[in-house]
Amino acid sequence: MNAAGPAVEEQHDSLQSYFKPAISPDDIEQVYRLKGAQPLLQAFTALFHGGIDGVLVRLLVLRELAADTGSPAFTRADINMRLAYLEPERLETVLSRLRAHHLLAWDAGQGLYRITPGARNILAAIDSLLLMAEENDDGDMGFLLSQVAGAQAVGGVTVEQLQHLLGRLVSLTEEFADAIASGSEFRLRAAQAKWNTACDWVEKGSEILHSIIQDARADAATHRAAQAIGRAQSALLNMQGMFSRALNQIERQRVHLGQSGLTTTDIKTWLMAHEDLAGLAQGAIALPVTPMFITPSEMIDVAETELLTNRNSTPLFALPAGENAHVTASEVSTTPIVLDEWLSRLSSLAAATEASPRVHDALLPATFSIASYRASLLPLLGDESEAALQGGTATMARLPLEFAPQDGMIKLKDPHVAAISIATLTQKTEPENKHD
């Protein structure tokens, strides 16, 4: 069944088979014009029929021969020398195909090949399109505009050429409007860059459209098409304000991550630079993340259901009988006693003449909890804001001692503390008074 399909399709693949029985293809204006251009269309078919590899080789052979302007004709030996990197059998196949479709003219009497005018026109159109596509992403608009400019310069532009340009302008306007409506900063910035390029082409085409409108040879349809292009260009240029408002709105809504200076845009840009986003989570997530999605309407329905269910099912209870409050005896906190003992020890260190005592000598002996409490108070030494207050910690902050922690730990032979950070307590030296 499948193998016979193409054969059956080939048998009925006539022009009339595509139209309804009561319609003749020759009655369609566009069909009449295309049938008149069959030699040119067959030349394109000869170049582009089949796989992409064959298409590339045919274009390569034709472009190589057309690039040699030293002589209008080539012998087979010249072609073999110029295309010596191709297999002779494959080269012969390509030349036969180009010769059969009148892209190459063969003079049997002189044994010479020549590039036909139609082949040069086809290559010129292809080269123009390739050049525009290489320069920027909007090469199609530049190509269409160049075709309009060229046709106007050599004898008059056609309505079809103007309609192609108008259609591209309309599609670009719709594309930019969709980007603005999306609210995506990345789509907006990409569309704005494309819009800037399109505006450059609009500026270049304004003079061409003016000359078309002023051309007395142009008919009414051409004038209408040119005026429609002018309106489309105006609509395209007016989108600058829309881009600015959308980007300003995004800028106001941008989220900054703390005081780091990073924004959510920076994070998204960084993530987009990684091809394998899943690889970033390796070793970071033990279980797969299951996203939960819920809309506000569903949240309201669930909340209303839960509220009504609890209201109907909750039994009525009487208030419990009153009870006397339990009286507890408050215990005197031992913290002031520990702090007073610690202040006494630090005051002794401040008055002693010993230089740079080790911190663990001042903290110990003591239990682990008391030693931890004492160590937590050491950063208050020399704290001006604390020294301005009243109380035990303020007295400690005014002691003439300096606490200097260091990197590393030191092991101790203490029953409660196995190791402690290395630090020193030194007497604070008073600055000498300077006299003028």
Exercise for review: Would you give the gap between the C-alpha center of segment 338-392 and the C-alpha center of segment 148-185, rounded to a whole Å?
Suggested key: 81 Å
Review point. Which order results if Tyr32, Tyr85, Tyr113 are arranged by neighbouring Cβ count within 10 Å, fewest first?
Key: Tyr85, Tyr32, Tyr113
Exercise for review: Could you tell me the distance between the Cα centroids of segment 214-239 and segment 83-128, to the nearest Å?
Suggested key: 41 Å
Practice item. Give me Rg over Rh for segment 167-239, both radii from the alpha carbons and Rh done the Kirkwood way, two decimal places. Key: 1.08
Point to revise | Under 22 Å from the Cα of Lys194 - lysines, other chains or at least 8 residues apart | key: Lys204, Lys268
Check your understanding: What is the order of Trp106, Trp195, fewest Cβ neighbours within 10 Å to most?
Key -> Trp106, Trp195
Study note, to complete from the structure: Per DSSP, the loop-located trypsin sites (Lys or Arg not before Pro) within segment 204-250 having at most 13 other beta carbons within 10 Å are Arg217
Study note, to complete from the structure: Going residue by residue through segment 74-84, the Karplus relation 6.51 cos²θ - 1.76 cosθ + 1.60 with θ = phi - 60° gives ³J(HN,Hα) values, rounded to whole Hz and with x marking Gly or Pro, of 9, 7, 5, 5, 4, 5, 4, 6, 6, 10, 5
Point to revise | Residue order, fewest to most beta carbons within 10 Å, for Ile79, Ile28, Ile337 | key: Ile337, Ile28, Ile79
Revision key, fill the gap. Mean separation of Cα contacts under 8 Å (at least 6 apart) over the residue count of segment 136-248, i.e. the relative contact order in percent, is 37 percent
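Each value in this text was obtained by applying a stated rule to the coordinates, not by laboratory testing. Every value quoted in this text rests on a predicted model; they were computed, and no experiment measured them. As a convention, Cβ positions derive from the backbone with ideal geometry for all residues, glycine included, and neighbour counts pool all protein chains shown.
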